[in-house]
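Student: Submitted below is the structure of interest, expressed as structure tokens.
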Amino acid sequence: MHYQQLAQAYDEIEKISGNLEKIRIFADLLKEATPSEVDCIIALTMGKLHPDWKGEPELGVAEKMAIQVVAAAASIPESSVTDTLRKTGDIGSTAEELLQESAQATLFTEDLTISMVYNTLDNVARISGSGSNKEKIAKLVSILTDAQPIEARYILRTVTGSLRLGLGDMSIIDALSLAYTGDREARSDIENAFNVCSDLRKVARVLAENGINSVKKIHTEVGVPIRMMAAKKLSDATEILEKVGKRALVEYKYDGERIQAHKNGNDITLYSRRQEIITDQYPDVVELMKNHIKAKSCVLEGECVAIDPETGKTRPFQELMRRRRKTDIKKMQEEVPIALYIFDILYLNGKDVTELPMLERRKLMEETVEINDRVNLTTAELTEDPDRLYEIFKDAIGSGYEGVIAKAVHKDSKYQAGARSWLWIKLKASYTEGLADSADLVIVGALYGRGKRTGLYGAILASAYDDMTDTYPTVCKIGTGFTEDMLAEFKERLEEHIVEIKNPKVISDIEADVWFEPVEVIEVLGDEITVSPTHPAGRNRMKVEGGLAIRFPRFTGKWRDDKNPTQATTVDDLIEAFERQRGINQ
């Protein structure tokens, strides 16, 4: 299949606002592709050449390099590219316009295929070492020389991570179901396969080659991360017990980094919430797994918590994150030792155990984990009494923990990979005052400071993630509660993410002084969620006029280095919280 056919489908999808029509167009394209081409199409459309857990290099071409590529391909000065970019606001449209105008020779160009484009981009991603930027630019220029203007638009958008089609993962899954089964009824089977293998390319290829029955056979494997289950959040103990079925296993919520540990004999692999391999960051966890996990093979989930080497008490999440940002791991092991608290088991000695009820999984954990002062199960208690649940919560807070998670224990209390479910519900200290939910938001822009804040950012523009449209609509502007250290850290962390033009995936009615790539995630508290004429999150998705905003937002000081931007609080989360706030039962 020629890449131009994919580009034309992208163009059609981009012009349409209705999600169902976008899905239909994409499904029609998939029907015409071979299984190997489907593999590449899914990767290009998701903007990920490989799943994170494979540890393969990704593109991540910065705006500055993209400008150099377009300038070289169109044989014009970089300043001309920058001028056009300011006018179009999009590097892809800039490339399309300038290559259309350029006098590039077309006699010897080669028609681009989807496989050629994918392989070239994969090769570009793998270039490293001295002179790598120059070599990357040359390869990208070579493919643009063969590209039609419309192809150039989407190649540049793909390499800069700003495809802006409005197709999230779930829409792609819907399109796969429609293309290969004739309707969207198979989406749950496709999603389940994706959740256990964390590779939608693989699922798509199996579906295209062998059909939906083969997709249903994709199962949990040691060494392949399972997409992590997440919890809902509530502030009332009685309501929590109602939601989980009257009775709950109430576990302490530890202020650490969630990890998924895969053990196969003495081979241990640790994955973060972002599905990155973090084994090298935690050699002490590897040793704990080898010495205190009795299973031959298993997949465990737990919380890796920093502890004080003198007192043994837990330390804050930000202390633990120091280990992720340092290269001297041995020294950091001594400065920031850890304890591991196991809270779930997903696989044991060749068997997937995610379908077992929570208490049966807890029993397997008790039989599998050899407990000592550095590795343990989470502190947990069964209760059906709201007052007792709240007492456990207060005990957890008094002991220095974040709060509790109440987990359903009925017969259907399985581990729901990839889902945010009412089977698990968080009650945290921050939810007992003001807004009943902290939000993990993506920093997308900033306003310059004045007075004492001159030279720093005076306010931060933050967005939720809209997983329906794969965009980042703003939800608040945070301008109060910053310490001097916080302001300095904002400046230092965000400097490398500055872009001249707002990323097309960022939706904002506010004009920032500085725009950033949507990369960094922070934890934010507020008093309530309100309807806003200024912020677009949730606009046209509710019965009220306007979007949603977090009122009186405050940065907690917690950078969510363990989350990527697509794992931030979603627009759907905000809509649900807003409707609950208004007293509408969900």
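The values are calculated or read from the model by the stated rules, or taken from the named source; none is laboratory data. What you see is a predicted model, and the numbers here were worked out from it, not measured in a lab. Here Cβ is always computed from backbone atoms with ideal geometry, including for glycine, and neighbour counts include all displayed protein chains.
Student: Of everything in segment 449-478, what is free of Cβ contacts under 8 Å to residues at least 60 places away in the same chain and either among the small types (Gly, Ala, Ser) or closer than 21 Å to VAL531 by Cα (or both)? Give them in sequence order.
Tutor: To start, the set of residues in segment 449-478 that are free of Cβ contacts under 8 Å to residues at least 60 places away in the same chain comprises 449-459, 461.
Of everything in segment 449-478, those that are free of Cβ contacts under 8 Å to residues at least 60 places away in the same chain and either among the small types (Gly, Ala, Ser) or closer than 21 Å to VAL531 by Cα (or both) turn out to be GLY449, GLY451, GLY455, GLY458, ALA459, LEU461.
Student: Looking at ILE392, ILE371, can you tell me which residue is surrounded by 14 or more Cβ atoms within 10 Å (Cβ to Cβ), of a type in the set (Val, Ile, Thr) and touching a residue at least 24 places away in the same chain (Cβ under 8 Å)?
Tutor: Just a single option satisfies the conditions, and that option is ILE392.
Student: Are there any strands (runs of 3 or more DSSP E) wholly within segment 366-476 with 1 or more residues that are touching a strand residue (DSSP E or B) at 6+ places or on another chain (Cβ under 9 Å) and under 17 Å from TYR252 (Cβ atoms), and if so which?
Tutor: Numbers: elements: 375-377, 380-383, 403-408, 420-428, 439-448, 457-463.
Per the criteria, 375-377, 380-383, 403-408, 420-428.
Student: Failed condition for GLY481, given (1) on the phi > 0 side of the Ramachandran plot; (2) without any contact (Cβ under 8 Å) to a residue 60 or more places away in the chain, with all others met?
Tutor: Checking GLY481 against (1) on the phi > 0 side of the Ramachandran plot; (2) without any contact (Cβ under 8 Å) to a residue 60 or more places away in the chain, the one that fails is (2).
Student: While we're on this one: Quick check on segment 282-289. Is at least one of its residues among the aromatic types (Phe, Trp, Tyr), within 25 Å of ALA230 (Cβ to Cβ), modelled with pLDDT of 90 or more and touching a strand residue (DSSP E or B) at 6+ places or on another chain (Cβ under 7 Å)?
Tutor: Applying the first criterion (among the aromatic types (Phe, Trp, Tyr)) to segment 282-289 yields 282.
After this cut, where a residue has to be within 25 Å of ALA230 (Cβ to Cβ) as well, the list is 282.
Checking which are modelled with pLDDT of 90 or more leaves us with 282.
Then drop every residue that is not touching a strand residue (DSSP E or B) at 6+ places or on another chain (Cβ under 7 Å), which leaves 282.
Yes, segment 282-289 contains a residue that is among the aromatic types (Phe, Trp, Tyr), within 25 Å of ALA230 (Cβ to Cβ), modelled with pLDDT of 90 or more and touching a strand residue (DSSP E or B) at 6+ places or on another chain (Cβ under 7 Å).
Student: So, in segment 442-494, of the ones that are under 20 Å from ARG164 (Cβ atoms) and among the aliphatic types (A, V, I, L, M), which residue ends up surrounded by the fewest Cβ atoms within 10 Å (Cβ to Cβ)?
Tutor: Filtering first and then ranking leaves MET468.
Student: Condition (residue is polar (S, T, N, Q), within 19 Å of THR569 (Cβ to Cβ) and within 17 Å of the chain's Cα centre (by Cα)) applied to segment 508-516: is it met by at least one residue?
Tutor: no
Student: Does TYR347 meet the test of being farther than 17 Å from VAL409 by Cα, outside any loop (DSSP other than H, G, I, E, B) and either in contact with a Phe, Trp or Tyr (Cβ under 7 Å, 6 or more places away or on another chain) or not assigned by TED's automatic domain parsing to the domain that holds ALA396 (or both)? Give the derivation first.
Tutor: Numbers: farther than 17 Å from VAL409 by Cα: yes; outside any loop (DSSP other than H, G, I, E, B): yes; either in contact with a Phe, Trp or Tyr (Cβ under 7 Å, 6 or more places away or on another chain) or not assigned by TED's automatic domain parsing to the domain that holds ALA396 (or both): no.
When the stated conditions are applied, TYR347 does not pass them.
Student: Then there's this: Please pick out the residue among TYR118, TYR154 that is outside any loop (DSSP other than H, G, I, E, B), among the aromatic types (Phe, Trp, Tyr) and crowded, with 22+ Cβ neighbours inside 10 Å.
Tutor: Just one listed residue meets the conditions, TYR154.
Student: Where residues in segment 121-143 are outside any helix (DSSP H, G or I) and without any contact (Cβ under 8 Å) to a residue 40 or more places away in the chain, which of them is surrounded by the most Cβ atoms within 10 Å (Cβ to Cβ)?
Tutor: ILE127
Student: Among residues belonging to segment 273-288 that are free of Cβ contacts under 8 Å to residues at least 40 places away in the same chain and within 20 Å of LEU377 (Cβ to Cβ), point out the one that is surrounded by the fewest Cβ atoms within 10 Å (Cβ to Cβ).
Tutor: If we take residues in segment 273-288 being free of Cβ contacts under 8 Å to residues at least 40 places away in the same chain and within 20 Å of LEU377 (Cβ to Cβ), then GLU287 is surrounded by the fewest Cβ atoms within 10 Å (Cβ to Cβ).
Student: Check SER214 against each of (1) surrounded by fewer than 21 Cβ atoms within 10 Å (Cβ to Cβ); (2) touching a residue at least 12 places away in the same chain (Cβ under 8 Å); (3) in contact with a helix residue (DSSP H, G or I) (Cβ under 6 Å, 6 or more places away or on another chain) and name the one condition it does not meet.
Tutor: (2)
Student: Kindly indicate whether any position in segment 28-38 is in contact (Cβ under 8 Å) with a residue 12 or more places away in the chain, under 25 Å from PRO565 (Cα atoms) and buried (at least 21 other Cβ atoms within 10 Å of the Cβ).
Tutor: Within segment 28-38, the first condition is being in contact (Cβ under 8 Å) with a residue 12 or more places away in the chain, and the residues that meet it are 28-38.
After this cut, where a residue has to be under 25 Å from PRO565 (Cα atoms) as well, the list is none.
Taking every residue of segment 28-38 in turn, none turns out to be in contact (Cβ under 8 Å) with a residue 12 or more places away in the chain, under 25 Å from PRO565 (Cα atoms) and buried (at least 21 other Cβ atoms within 10 Å of the Cβ).
Student: May I ask you to verify whether ALA339 is surrounded by 18 or more Cβ atoms within 10 Å (Cβ to Cβ), without any contact (Cβ under 8 Å) to a residue 40 or more places away in the chain and not in a loop (DSSP other than H, G, I, E, B)?
Tutor: yes
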